[in-house]
Number of protein chains: 2
Amino acid sequence: MSTVGNATNIFWQELPVGKLERQKLLNQKGCVVWITGLSGSGKSTLASSLSRELYTRGKLSYVLDGDNLRHGLNKDLGFKAEDRTENIRRVGEVAKLFADAGLICIASLISPYRKDRDACREMLPDNNFIEVYMNMPLELCEERDAKGLYKLARAGKIKGFTGIDDPYEPPLNCEMEINEKDGVCPTPGDMAGEVVSYLEEKGYLHDQ
Amino acid sequence: MSTVGNATNIFWQELPVGKLERQKLLNQKGCVVWITGLSGSGKSTLASSLSRELYTRGKLSYVLDGDNLRHGLNKDLGFKAEDRTENIRRVGEVAKLFADAGLICIASLISPYRKDRDACREMLPDNNFIEVYMNMPLELCEERDAKGLYKLARAGKIKGFTGIDDPYEPPLNCEMEINEKDGVCPTPGDMAGEVVSYLEEKGYLHDQ
């Protein structure tokens with residue numbers, strides 16, 4: 001409606017600002033970097049390091065951390081299979097919104113089931129889903145055990161712990177894989193550098 | 001852990017990029033502009049117009065639209081009271097993330113119940129929740145009826161429709177109120193201008 005002469009009837013929809021415009025403002029392309037892997041495989045370390053490296057280049061990123069979200073958006077969810085699936089679905093939906101907002105959204109979650117990760121990939125248009133698999137041996141993750149969770153899982157005090165009594169399904173076609181080289185783990189800076197190089201190469205660090 | 005000489009044990013947490021740094025990058029402060037009001041009161045119009053006006057000033061905003069989110073994040077929810085509450089809660093949590101990311105997040109939802117809106121306000125630290133009440137008469141909204149929903153509600157084909165057979169609870173202490181002046185509705189540009197002036201005055205359009 002847009003009736004001149006009767007102001008109370010004027011009611012038009014202004015065109016909202018779109019993704020391309022936001023990308024122009026930020027000089028980058030919105031996407032999701034989805035970091036998956038066992039507890040202790042270095043997901044949070046990479047997420048922090050990557051956000052830091054992007055920041056030094058003037059790029060806006062935001063980390064969605066699986067654990068943190070369980071205190072907020074997903075606080076109504078537990079760890080049974082359907083709750084895990086719903087947990088991942090919601091993070092995927094939010095990551096999609098951040099990518100649409102023009103940000104490089106870094107999602108850091110164990111996300112053990114292939115179908116759940118693939119469902120998130122499906123949500124994202126134009127291949128803007130970059131799956132990064134932290135391919136670290138269980139032994140190494142368990143040795144690190146920064147949160148003491150493996151110890152609890154081995155003692156049977158946590159049930160359904162990924163890698164111990166719940167499966168981790170490795171990606172079949174992920175965009176990137178981080179692993180040991182000659183038995184040596186890459187440093188956080190090296191891992192971040194690898195991802196940044198990928199983003200640069202694929203054109204995400206400029207708006208066109 | 002950070003054991004020099006045994007690279008596989010090195011595992012440190014780099015400090016992630018924080019809100020203040022993102023705000024510096026964007027030269028603005030993250031916050032939530034929560035637009036509440038009846039269907040047809042102009043919420044989406046203001047959201048679009050405001051995002052446009054902010055964009056012309058080089059500011060990054062993102063609109064969370066209640067209807068749109070029901071196709072994604074909240075597609076598992078209906079319209080009964082507890083679903084409405086959960087709907088608003090999730091939008092509040094996501095809006096909080098966007099504000100933390102440094103964006104001016106514009107949430108546009110009927111959000112009829114005071115307690116649900118207040119719960120979202122509580123989530124936001126440092127008064128970064130700006131409630132904008134579209135105070136338009138029901139008669140005007142019903143006359144507009146852009147989506148034809150009032151007609152359906154009056155015909156009893158939609159149950160629990162806000163303003164018809166479900167209550168709208170006006171804010172008691174909102175930051176801004178948009179209303180008719182001498183029986184004339186403000187234009188989208190005027191409404192956006194009012195909100196931008198408020199944001200400017202409160203210092204949200206600069207990082208410090």
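Per residue in region A:34-52, which ones lose no less than 40 Å² of accessible surface when going from chain alone to all protein chains (1.4 Å probe)?
The answer is A:T45, A:S48, A:R52.
Would you work out if region B:54-208 is rounded, prolate or oblate? Take a ≥ b ≥ c from the square roots of the eigenvalues of the alpha-carbon gyration tensor; rounded if a/c is under 1.5, else prolate when a/b is larger than b/c, oblate otherwise.
Note, shape of region B:54-208 comes out oblate.
Determine the total buried accessible area between chain A and chain B, counting protein heavy atoms only with a 1.4 Å probe; round to the nearest 100 Å².
5000
When only the heavy atoms of the protein chains count and the probe is 1.4 Å, how do A:I158, B:I104 rank by accessible area, highest first?
A:I158, B:I104
Calculate the mean, over all residues of peptide A:90-98, of how many other protein chain Cβ atoms lie within 10 angstrom of the residue's Cβ.
Rounded to a whole number, the mean comes out at 5.
Work out the length of the dipole vector of region A:75-149 about its Cα centre, built from +1 on the beta-carbon of each Lys and Arg and -1 on the beta-carbon of each Asp and Glu, and round it to the nearest 20 debye.
About 120 debye.
Please list, ordered by chain and number, the residues whose modelled amide H lies under 5 Å from the amide H of A:A107; skip anything fewer than 5 residues away on the same chain.
A:V33, A:W34, A:I35, A:L64
Starting from a label point 7 Å past Cα on the Cβ side, list the distances from B:K75 to the same position in the other copies, nm, shortest first.
Listed shortest first, these distances are 2.7 nm.
Quick one: with label points 7 Å out along Cα→Cβ, list the inter-copy distances for B:L138 in nm, shortest first?
In nanometres, ordered from closest: 6.2.
Per DSSP H run of n ≥ 4, the term is -39500 (n - 2.57); total these for the protein assembly as shown, divide by its residue number, and report the mean residue ellipticity at 222 nm rounded to 500 deg cm²/dmol.
Dividing the helical sum by the residues of the protein assembly as shown leaves -12000 deg cm²/dmol.
Axis carrying B onto A: which residue of B has the nearest Cβ, and how far, whole Å?
B:V94, 3
Measure off, as a whole percent, the carbon and sulfur share of the 1.4 Å-probe accessible area of chain B, all protein chains present.
51
Rank B:K151, A:K181, A:K19 by accessible area, highest first, at a 1.4 Å probe radius?
B:K151, A:K181, A:K19
Classify region B:105-187 as rounded, prolate or oblate from the Cα gyration tensor: take a ≥ b ≥ c as the square roots of its eigenvalues, call it rounded if a/c is under 1.5, otherwise prolate when a/b beats b/c and oblate if not.
Here region B:105-187 falls in the oblate category.
Across region B:57-64, in residue order, what do the Karplus-derived ³J(HN,Hα) couplings come to in whole Hz, using 6.51 cos²θ - 1.76 cosθ + 1.60 with θ = phi - 60° and x for Gly and Pro?
Couplings: 8, x, 9, 8, 10, 8, 9, 9 Hz.
Given axes a ≥ b ≥ c from the Cα gyration tensor, I'd like to know whether region A:76-131 is rounded (a/c under 1.5), prolate (a/b larger than b/c) or oblate.
The shape class here is prolate.
Per residue, how much accessible area does the protein assembly as shown show when a 1.4 Å probe rolls over the protein heavy atoms, in square angstrom?
44
About the Cα centre of the protein assembly as shown, what is the dipole size in debye to 20, counting +1 per Lys and Arg Cβ and -1 per Asp and Glu Cβ, all else neutral?
260
Hey, got the dipole for region B:51-208? About the Cα centre, +1 on K and R Cβ, -1 on D and E Cβ, debye to the nearest 20?
600
What are the nm distances, shortest first, from A:G193 to its equivalents in the other copies, labels at 7 Å along Cα→Cβ?
Result for A:G193, in nm, nearest copy first: 5.4.
The values are calculated or read from the model by the stated rules, or taken from the named source; none is laboratory data. All values derive from a computational prediction rather than experimental measurement. Reconstructed Cβ throughout: ideal geometry from the backbone, glycine too, with neighbour counts over all protein chains shown. Just so you know, the surface numbers come from the protein's heavy atoms only, side chains and all, with ligands and any DNA or RNA stripped out. Shrake-Rupley method; radii C 1.70, N 1.55, O 1.52, S 1.80 Å.
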